[in-house]
Every structure is written in structure tokens, then in C-alpha cells.
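To start, the structure itself, in C-alpha cells.
The values are calculated or read from the model by the stated rules, or taken from the named source; none is laboratory data. Quick caveat, the model's predicted, so the values are computed rather than measured. Positions of Cβ are backbone-derived with ideal geometry, glycine not excepted, and every protein chain shown enters the neighbour counts.
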Amino acid sequence: MIEPQTVRIDLSTSPRGYDIIIGENILANAGTYISQRMGERRCIIVTDSNVAPLYLQRTEAVFATAAHTLLPSIVMPAGESSKSVDGLQTLLGQLFDRALDRETVLIALGGGVIGDLTGFAASIALRGLNFVQIPTTLLAQVDSSVGGKTGINSSYGKNTLGSFYQPRLVLADTSTLDSLPERQMMAGYAEVVKYGLIHDLDFFMWCDEHASQLMFGNPDIRIQAISKSCAYKAQIVAEDERESGRRALLNLGHTFGHALESVTGFSDKLFHGEAVSIGTVMAFDLSAQMGLCPTQDAQAVRNHLIRLGLPVTPPNGNYDIDELMNLMAQDKKASRGKLTLILTKGIGQAFIAKNVDPQPIRELWAHTI
Ligand code: NAD
Ligand code: GLY
């Protein structure tokens, strides 16, 4: 079994970088990892109603052993609906009920929903509290817990209220993935292969060979895939924390995906990673259609995702192309009403395309929905 891996994020904009520690049974030492970096603290664990019965008691015990003072934990309803204005208000209310002070550390124990919500609450409560991410989904371990994007969804669209606010530490215990439903595991995989599709053909080939082992429990392969993904992300975030340039590449497939998540009501009909899978295929297809990318690369990506059981077309429903286009125009990368998309010259060669003509996108939606 391989040893825990540490990936370091050093930020050019801030003196304070942080570690991402990845391995099996990291949770057992979570309290110690935190006290080594931040001393003994008052902590509040925030989790969700699916994760709580699985890991909350164990995590509370570990914190108590490491001599942190644990205030009562907060359990939010599981699911994307907690990442909302109402969810934020509920969380803040419960935090302030616990006599929060500036020394209190918030511990986000869960998937991307809990991480994004807790991170956002940490960034605004008392003008900023320290927080630690303990991601328990594959998606959160390879993407959402790293890099400091926090936020909630609103009537204005996906992740439209939020902040850039970095955690002090990320602890990814890969054994927590054993309890993750298969569909969630696959959805998370879309964010793993994304790193290869953006800028590393060799990593894509490695994923093509190892993805089944990653999803079906080979612990060493998991640690390798998660460490490699975090190292890619750390490198990009270190250069461009606030997404004024290269970080936008990490949004490959997301402008299409976010529009689909929005029209399916941020619900179990379509998980975020599934929407990214469909959006990635669309980004490759659009690139091929525009003559930017070889058709066989677009086909290889589609075949890879299908082979692994990921969706490449939206669930059945009545979709309205105008609505999808309007949602795409609300994307945070859009500038002065013009669409910015992540397109590609081939596998491993993504680039930022500004002022993309909407007509081929409309045609692509017409073929896809
Ligand atoms: P999620 O947090 O909803 O978790 C998925 C489901 O798995 C939930 O039902 C959860 O209760 C359950 N779960 C979590 N851990 C479990 C475990 N170990 N065993 C069993 N069940 C478990 O969703 P997610 O896919 O982790 O994250 C999606 C969110 O992340 C989206 O809101 C997306 O926008 C956001 N995101 C953010 C970033 C970022 O950079 N901040 C990046 C990518 C995605
Ligand atoms: N998930 C995209 C980013 O963090 O920039």
C-alpha cells in the first residue's frame, strides 16, 4: 500500500499555502494534522445527512482525542438544494447559535456541496473564519475541496454567489470512497479525466487503462489518481487563483454542464459530474465541428466516457434551446454578453476561446437534446 501523499498549494497572491494530504485512513489522524498546523482549536464539523451516519461519530471522536474543543456538529440535508440562499441562512443561524468566535475553525466533512457551502459561510461569518476540508466524494477529493472556490447556487444560476477563500488544510481519506454509491463515483470520475483532457494526453491514456480500478476500489490507483489530479489543480491555482486566465481551463465542459444542471433543477436527475461529462463531449464535438480538433479525438472522448458508464446526452426531458443559451450567457466566464468557452485542439490541448459564435452552439444543442 502506498504511503499518504502530500500535495502542496503555494499561492502567488498569498503567503499562506496549504497541504492536501491524500491516503487511506487519513481521517483517523485528522485532529492531529490540524493541531500540527493550527494548534488546538474550537472546531465545528459541518456535514450532511448521508455522511453523518457514516463518518460523523468517528470524526468527532478523533477531534476529541486530539484535544480540540468540539462544539456541536451541524448536519445539513444532503443534496444540491443545501447549496442555496436558504441553506446558507440555515447554516449561519446554526453557527451563530454555537457562540462562534474568530478562533473557531469550521470543518467541512462531505462532498462538494458541504465543502462549497461551508467554505462560503467561513468566508463571510465574522469576516472570515479558518476552515478545513475533509472531502468524502471522489469529485470533492480531486476538485472542489482544492483551490478555494466557495459558493452557492441562486436564482441567477449555478455558483453565482461565492468567494475565493482558501481552506487551511485538505484531508482526503480515500477509504471514505468505499461507501460512495457507484453513480456518484462515476460522476466524480468526470473531473479526474478532465485534467488529462485539458493538458496531458499521457494522463488521459493512464485513465483509460486504470479508470475501472480507480472506481472499483484499488486503493493505490485511487491515491495515484487523486494525487495527480490535485497536483494539476494546485499548479493552475498557484498561477491563477482568481481565474483571470488559465484557471478557466478547469471549466472544460462546465458552461454546457451548468446550463443542464440549471434546467434539470440542480436535482438527482443530473449530478454535477454527469453534467460535466455531457458538457465535455459537447465541447469536443463543437471543437471538431468548428474544425479545431480532430473528429477522432472527439469520438475517443465520447467512447471513453460511455465505456465507463457516464452519460453523454442529457436525461429525457423537454429542453428549450433559448433557455439553455440564456443560461450559458450567464456563465461567469462570459464577458460583455459574449460567450467564452473552453475548446480544444485535441486531447490534452484545451484552450480558452473568447467571443464564440452562438450559431454552432445552437446547432449542437439541437443535435444533443
Ligand atoms: P455532493 O456533495 O452532493 O455529494 C454527493 C452525494 O454523496 C450526496 O448525497 C452526499 O450526501 C453523498 N456522500 C458524500 N460522501 C459520501 C460517502 N463517502 N459515502 C456515501 N455517500 C456520500 O456532491 P459532489 O459531487 O461531491 O459535489 C458536487 C458539488 O461540487 C456541486 O455543487 C458542484 O458545483 C461543486 N463543485 C465545486 C467545485 C469547486 O471548485 N469549488 C468544483 C467542482 C464541483
Ligand atoms: N472547478 C474549477 C475550479 O476550481 O476552478
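Pairing residues of the range 108-136 that are in contact (Cβ under 8 Å) with a residue 60 or more places away in the chain with residues that are among the charged types (D, E, K, R) and part of a helix (DSSP H, G or I), at Cβ distances under 8 Å and at least 6 apart in sequence or on separate chains, gives 112/143; 113/80. Can you find a residue in the range 220-227 that is more than 12 Å from ligand 2 (Cβ to nearest atom), on the phi < 0 side of the Ramachandran plot and either among the aromatic types (Phe, Trp, Tyr) or surrounded by fewer than 16 Cβ atoms within 10 Å (Cβ to Cβ) (or both)? For the range 220-227, residues more than 12 Å from ligand 2 (Cβ to nearest atom), on the phi < 0 side of the Ramachandran plot and either among the aromatic types (Phe, Trp, Tyr) or surrounded by fewer than 16 Cβ atoms within 10 Å (Cβ to Cβ) (or both): present. Just one of the listed residues (31, 17) is of a type outside the set (A, V, I, L, M) and more than 16 Å from residue 66 (Cα to Cα), namely 17. When 253, 279, 291 are checked against the criterion of being modelled with pLDDT of 95 or more and surrounded by fewer than 18 Cβ atoms within 10 Å (Cβ to Cβ), 291 stands alone in meeting it. When we screen 261, 243, 191, 182 for residues that are surrounded by fewer than 18 Cβ atoms within 10 Å (Cβ to Cβ) and either more than 15 Å from ligand 2 (Cβ to nearest atom) or not small (Gly, Ala, Ser) (or both), the only hit is 182.
Every listed requirement among (1) closer than 19 Å to residue 122 by Cα; (2) in a helix (DSSP H, G or I); (3) of a type outside the set (Lys, Arg) is met by residue 28 save one, (1). Checking each residue in the range 117-171 for being under 17 Å from residue 226 (Cα atoms), buried (at least 24 other Cβ atoms within 10 Å of the Cβ) and more than 11 Å from ligand 1 (Cβ to nearest atom) picks out 170, 171.
Within the range 283-300, can one find any residue that is within 25 Å of the chain's Cα centre (by Cα), at positive phi and touching a residue at least 60 places away in the same chain (Cβ under 8 Å)? No, the range 283-300 contains no residue that is within 25 Å of the chain's Cα centre (by Cα), at positive phi and touching a residue at least 60 places away in the same chain (Cβ under 8 Å). Looking at 118, 174, which is the one that is touching a strand residue (DSSP E or B) at 6+ places or on another chain (Cβ under 8 Å) and closer than 21 Å to residue 2 by Cβ? Of 118, 174, the one residue that is touching a strand residue (DSSP E or B) at 6+ places or on another chain (Cβ under 8 Å) and closer than 21 Å to residue 2 by Cβ is 174. Annotation: of all residues in the range 227-248 being among the aliphatic types (A, V, I, L, M) and away from ligand 1 (no atom under 13 Å from the Cβ), the one that is modelled with the lowest pLDDT is 238. Note on the range 258-274: residues that are more than 9 Å from ligand 1 (Cβ to nearest atom), closer than 17 Å to residue 181 by Cβ and outside any loop (DSSP other than H, G, I, E, B) total 1.
The single residue among 306, 352 that is β-branched (Val, Ile, Thr), under 30 Å from residue 183 (Cβ atoms) and out of contact with any His (no Cβ under 6 Å at 6 or more places or on another chain) turns out to be 306.
Checking each residue in the range 72-115 for being within 16 Å of ligand 2 (Cβ to nearest atom), more than 24 Å from residue 38 (Cα to Cα) and in a helix (DSSP H, G or I) picks out 80, 113. Among the residues of the range 211-227, those identified as farther than 21 Å from residue 346 by Cα and touching a residue at least 12 places away in the same chain (Cβ under 8 Å) are 212, 214, 215, 217, 219, 220, 222, 223, 224, 225, 226, 227. Look at (1) under 22 Å from residue 38 (Cα atoms); (2) in contact with a strand residue (DSSP E or B) (Cβ under 8 Å, 6 or more places away or on another chain); (3) away from ligand 2 (no atom under 16 Å from the Cβ); (4) not charged (D, E, K, R) and you find that residue 126 fails only one, number (2). When the range 170-205 is filtered for residues that are part of a helix (DSSP H, G or I) and under 15 Å from residue 234 (Cα atoms), the ones remaining, listed by number, are 191, 192, 194, 195, 196, 198, 199.
With respect to (1) within 16 Å of ligand 2 (Cβ to nearest atom); (2) in contact (Cβ under 8 Å) with a residue 40 or more places away in the chain, the lone exception for residue 150 is condition (2). Suppose the filter is more than 29 Å from residue 324 (Cβ to Cβ), surrounded by fewer than 18 Cβ atoms within 10 Å (Cβ to Cβ) and in contact (Cβ under 8 Å) with a residue 40 or more places away in the chain; does residue 268 pass it? No: the conditions fail for residue 268.
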